[in-house]
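Some notes on the structure that comes next.
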Amino acid sequence: MRSQLISERSQEDAIRSFLDILNRKPEECLSIEEQVEEIAAYFGADRSYIFEQNADKAFVDNTFEWCKEGVNPEKDNLQMVPVEVVEIWYHNFREHGAFFITVNEELKKNDPLAYETLEPQNISTLMAAPFSRGGELVGFLGVDNPTKHTDQLLLISVIASSLFKELSSIREEEKHMTHVREIEKLNSELEDQLMIAENHRSSLELSNEIIYAIAKLYFGIFRIDLQNDFYEEIASDNEVHSLTGHEGSASTKMIELCNNFVADEFHDEVMEFFDLSTLPDRLAHQELIDMNYRSKDGYWHAAGFISKKRDANGRTTNVLYVTRLLSDQKVRQIEQSIRLSEEKKAAELANKAKSTFLFNMSHDIRTPMNAIIGYSELMDKYFDDTERCRSYLSKIRSSSDFLLSLINNVLEMARIESGKMQLDEIVCDTNEICSEVNDVYSDLMSKKNIEFITTSNVKTRYIFCDVVKLNEIFLNIVSNAYKYTPEGGKVIVTIDELPSDKEGTTLIQAKVRDTGIGMSPDYLPLIFDEFTREHTSTETRIEGTGLGMPIVKRLVELMGGNITVESELGKGTEFTVTIPHRIADGFIPVENETDEFENGIFSGKRILLAEDNDLNTEIVTEILSEVGFIIEHATDGVICVDMMEKAEPDYYDLVLMDIQMPNMNGYKATKIIRKLPDPQKANIPIIAMTANAFEEDRREAFDAGMNGHLAKPINVKEVFELLGKILK
């Protein structure tokens with residue numbers, strides 16, 4: 001729009017009046033009628049008014065009017081005015097925005113209908129600015145016979161725009177209350193910027209005054225011609241540019257801005273927002289679209305496109321691109337929203353993981369349970385066929401072992417992920433690491449006709465390590481090599497010692513290589529994820545929980561080491577585990593005495609069994625009675641302590657103590673027994689026999705004063721070995 005320079009005084013009046021009209025305190029807000037009066041007073045007009053388009057769009061109504069004393073009101077006469085009467089005004093609005101006309105012979109010639117409407121009202125001049133919504137004209141603001149006219153078109157446009165927003169808010173107050181607050185906030189910000197603009201009024205046009213004020217709020221302002229892919233930079237970093245400032249290809253500039261300033265995590269979203277080819281469609285039914293993003297320097301920005309000009313079809317052809325820093329309060333709101341979104345995603349992932357876990361657990365538990373139940377029914381059916389029942393029993397035991405392995409793996413994974421698992425390091429002999437693996441798998445490998453080679457090149461003899469967890473790592477890996485290597489294949493275990501850059505430590509590296517079925521490149525990144533298997537047990541006939549490798553990886557990391565894997569389909573797999581260990585300098589091994597016990601050692605020995613589960617009681621009683629034990633039963637800790645107190649000092653030889661019992665648990669019962677006044681009773685051997693099977697449970701049992709720990713389901717051989725050791 002072409003504008004003219006105005007005097008310093010008129011600019012000052014314009015700015016102050018602008019502030020008076022638009023930026024009142026909430027408690028001093030003017031009604032629409034009062035604002036119309038203020039507008040007339042500022043422009044020195046005889047009359048000011050608002051026209052609004054009817055719902056059917058065929059007529060316009062004079063909805064607000066103010067008249068100077070002596071001027072006849074026309075509001076009542078200007079209802080249901082056909083749109084044709086103001087069509088030439090609408091044409092001017094579409095072409096130029098606000099306009100100024102003179103009621104003279106030229107108007108009579110060009111627009112006789114407008115002349116016939118205005119001339120009888122003694123209107124000699126008129127200035128008007130449009131109301132538009134979504135590119136469609138819906139009314140206008142006008143002043144008759146203003147003393148200020150052609151140099152005030154930009155200002156009346158701004159006033160009309162703001163007035164229409166407030167008018168729209170009043171029309172739809174309940175529906176648009178949030179929008180009203182945003183407008184009031186924007187008006188407050190504009191007030192601050194316009195106050196600054198007063199300091200520069202002597203050398204700038206009124207349009208540049210407004211641009212400068214907005215530039216304080218928006219540190220980047222571009223004028224963009226979408227049809228010609230052309231941009232012109234109006235302001236950047238609070239500096240207003242001349243009309244021949246930075247310019248060029250708009251689409252190229254938007255790509256440059258995104259690549260240079262936008263943080264990586266927002267890059268794709270901002271690129272989509274900056275796509276100028278889709279901008280007209282996105283602005284089809286609104287005047288502004290905006291988004292928030294974080295820049296590479298960490299600050300939050302708001303970017304927006306404002307529809308500036310539309311064609312005859314209402315399609316946006318020119319826009320303003322604006323960007324500004326967000327307030328601290330807005331940043332906190334955004335970051336809170338992001339946190340909530342991330343928490344929601346995390347919860348969704350957790351739910352998905354939970355569903356996957358339950359699905360896999362259901363499948364993997366039901367498979368051995370189906371075998372146990374099925375073979376149990378077959379044993380009942382063929383009870384008299386000893387050989388057949390012995391075969392069924394063997395398969396039941398195999399399925400039970402797998403089910404127990406699955407449960408142990410799940411519980412161990414849960415302990416690892418909860419952070420409860422700790423290392424229990426003792427001095428161990430490195431020679432035994434390799435021999436342990438060899439002892440466990442040499443017979444199995446031989447029966448499957450697999451060449452099994454174990455080699456140890458470790459010179460440091462004694463190190464500190466958690467032997468149980470280290471064995472679990474190696475046995476898990478070798479177990480996989482055994483399962484997935486066909487007959488006639490080869491499994492090679494090599495243990496080397498590597499130099500360590502940390503004094504007093506050594507690096508033990510174990511490689512387990514097989515010539516088995518191998519893994520595909522797509523599966524390798526998933527091998528350490530829970531419940532993942534490249535092939536199901538249905539496909540390979542190889543049982544597995546999908547938890548072995550995840551447990552191995554977490555145990556290795558718990559020890560401060562790392563694990564890698566290389567594999568190729570049809571050629572085999574190689575795992576490499578490297579773990580640092582403290583060297584046990586000066587350690588002198590002590591020969592252990594062999595624990596032996598003779599047959600009949602248990603005969604006549606009396607055991608007090610504290611167990612609340614009837615089935616467990618029956619099983620333990622049957623097993624122990626067969627070798628000569630006399631079993632007496634207490635159903636909880638309270639009864640157990642009472643029976644000990646009432647018994648003779650040498651009546652019981654040993655207590656088998658469950659942990660989780662009603663009324664009093666096994667830990668508390670043990671502590672009470674240890675404090676009995678009779679020394680013989682207080683020092684009776686107490687062994688925990690419990691489903692609390694983890695290492696920390698074992699330590700807690702000993703801390704409570706127990707002499708041993710047996711995990712359920714019980715291993716009969718281990719039970720007899722421990723009882724024999726304690727009672728020999």
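The values are calculated or read from the model by the stated rules, or taken from the named source; none is laboratory data. Since this is a predicted model, take the numbers as computed values, not measurements. Cβ placement follows ideal geometry from the backbone for every residue including glycine, while neighbour counts extend to all protein chains displayed. Surface accessibility is based on the protein's heavy atoms, side chains included, excluding ligands, DNA and RNA. Shrake-Rupley method; radii C 1.70, N 1.55, O 1.52, S 1.80 Å.
For the reader, a short list of remarks on this structure follows.
- Residue within the stretch 73-86 that is open to solvent by 80 Å² or more (accessible area, probe 1.4 Å), outside any helix (DSSP H, G or I) and within 13 Å of Arg47 (Cβ to Cβ) present: yes
- Selection within the stretch 25-57 - farther than 19 Å from Ile123 by Cβ, in contact with a strand residue (DSSP E or B) (Cβ under 7 Å, 6 or more places away or on another chain) and in a loop (DSSP other than H, G, I, E, B): Asn54
- Glu622 vs. criteria open to solvent by 40 Å² or more (accessible area, probe 1.4 Å) and under 55 Å from the mean Cα position of the chain (by Cα): yes
- Residue check: Ala250 meets all listed conditions (1) at pLDDT 85 or above; (2) open to solvent by 30 Å² or more (accessible area, probe 1.4 Å); (3) touching an Asp or Glu at 6+ places or on another chain (Cβ under 7 Å) but one, namely (2).
- Strands (runs of 3 or more DSSP E) enclosed by the stretch 631-728 - at least 2 residues per element that are farther than 15 Å from Lys605 by Cβ: 686-690, 708-711
Let's see how each residue does on (1) in contact with a Pro (Cβ under 7 Å, 6 or more places away or on another chain); (2) more than 20 Å from Leu163 (Cβ to Cβ); (3) modelled with pLDDT under 90; (4) buried (at least 18 other Cβ atoms within 10 Å of the Cβ):
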position	(1), (2), (3), (4)
Met1	no, no, yes, no
Gln4	no, yes, yes, no
Ala14	no, no, yes, yes
Lys25	no, no, yes, no
Glu34	no, no, yes, no
Glu37	no, no, yes, yes
Gln53	no, no, yes, yes
Glu65	yes, no, no, yes
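- Looking only at the stretch 443-467, and only at residues there that are of a type in the set (D, E, K, R) and part of a loop (DSSP other than H, G, I, E, B), the one that is least open to solvent (accessible area, probe 1.4 Å): Asp466
- All positions within the stretch 509-525 that are surrounded by 13 or more Cβ atoms within 10 Å (Cβ to Cβ), at pLDDT below 90 and not small (Gly, Ala, Ser): Ile517, Met519, Tyr523, Leu524
- Residue within the stretch 223-237 that is open to solvent by 60 Å² or more (accessible area, probe 1.4 Å), closer than 23 Å to Thr316 by Cα, outside any loop (DSSP other than H, G, I, E, B) and modelled with pLDDT of 90 or more present: yes
- Residue identified as open to solvent by 60 Å² or more (accessible area, probe 1.4 Å), outside any strand (DSSP E or B), under 19 Å from Gly561 (Cβ atoms) and in contact with a helix residue (DSSP H, G or I) (Cβ under 7 Å, 6 or more places away or on another chain) among Glu472, Glu503, Glu436: Glu436
- Scanning the stretch 98-112 for residues that are in contact with a helix residue (DSSP H, G or I) (Cβ under 7 Å, 6 or more places away or on another chain), open to solvent by 20 Å² or more (accessible area, probe 1.4 Å) and in a loop (DSSP other than H, G, I, E, B) yields a total of 1.
- Taking the numbered list (1) open to solvent by less than 20 Å² (accessible area, probe 1.4 Å); (2) closer than 30 Å to Leu555 by Cβ; (3) free of Cβ contacts under 8 Å to residues at least 24 places away in the same chain in turn, Ala682 passes all entries but (2).
- Selection of the stretch 169-191 for residues being among the basic types (Lys, Arg) and either in a helix (DSSP H, G or I) or modelled with pLDDT of 70 or more (or both) yields Arg171, Arg181, Lys185.
- Taking the stretch 253-298 as the range and being open to solvent by 80 Å² or more (accessible area, probe 1.4 Å) and in a strand (DSSP E or B) as the test, the residues that pass are Leu288, Asp290.
- The lone exception for Leu423 - which of (1) closer than 23 Å to Arg582 by Cβ; (2) free of Cβ contacts under 8 Å to residues at least 40 places away in the same chain it fails: (2)
- Selected residue (only one of Met689, Met706, Met664, Met644 is touching a Ser or Thr at 6+ places or on another chain (Cβ under 7 Å) and either surrounded by 16 or more Cβ atoms within 10 Å (Cβ to Cβ) or hydroxyl-bearing (Ser, Thr, Tyr) (or both)): Met706
- Residues in the stretch 286-321 that are more than 30 Å from Gln336 (Cα to Cα) and out of contact with any Leu (no Cβ under 8 Å at 6 or more places or on another chain): Lys309, Arg310, Asp311, Ala312, Asn313, Gly314, Arg315.
- Members of the stretch 113-168 that are in a loop (DSSP other than H, G, I, E, B) and under 50 Å from the mean Cα position of the chain (by Cα): Gly134, Gly135
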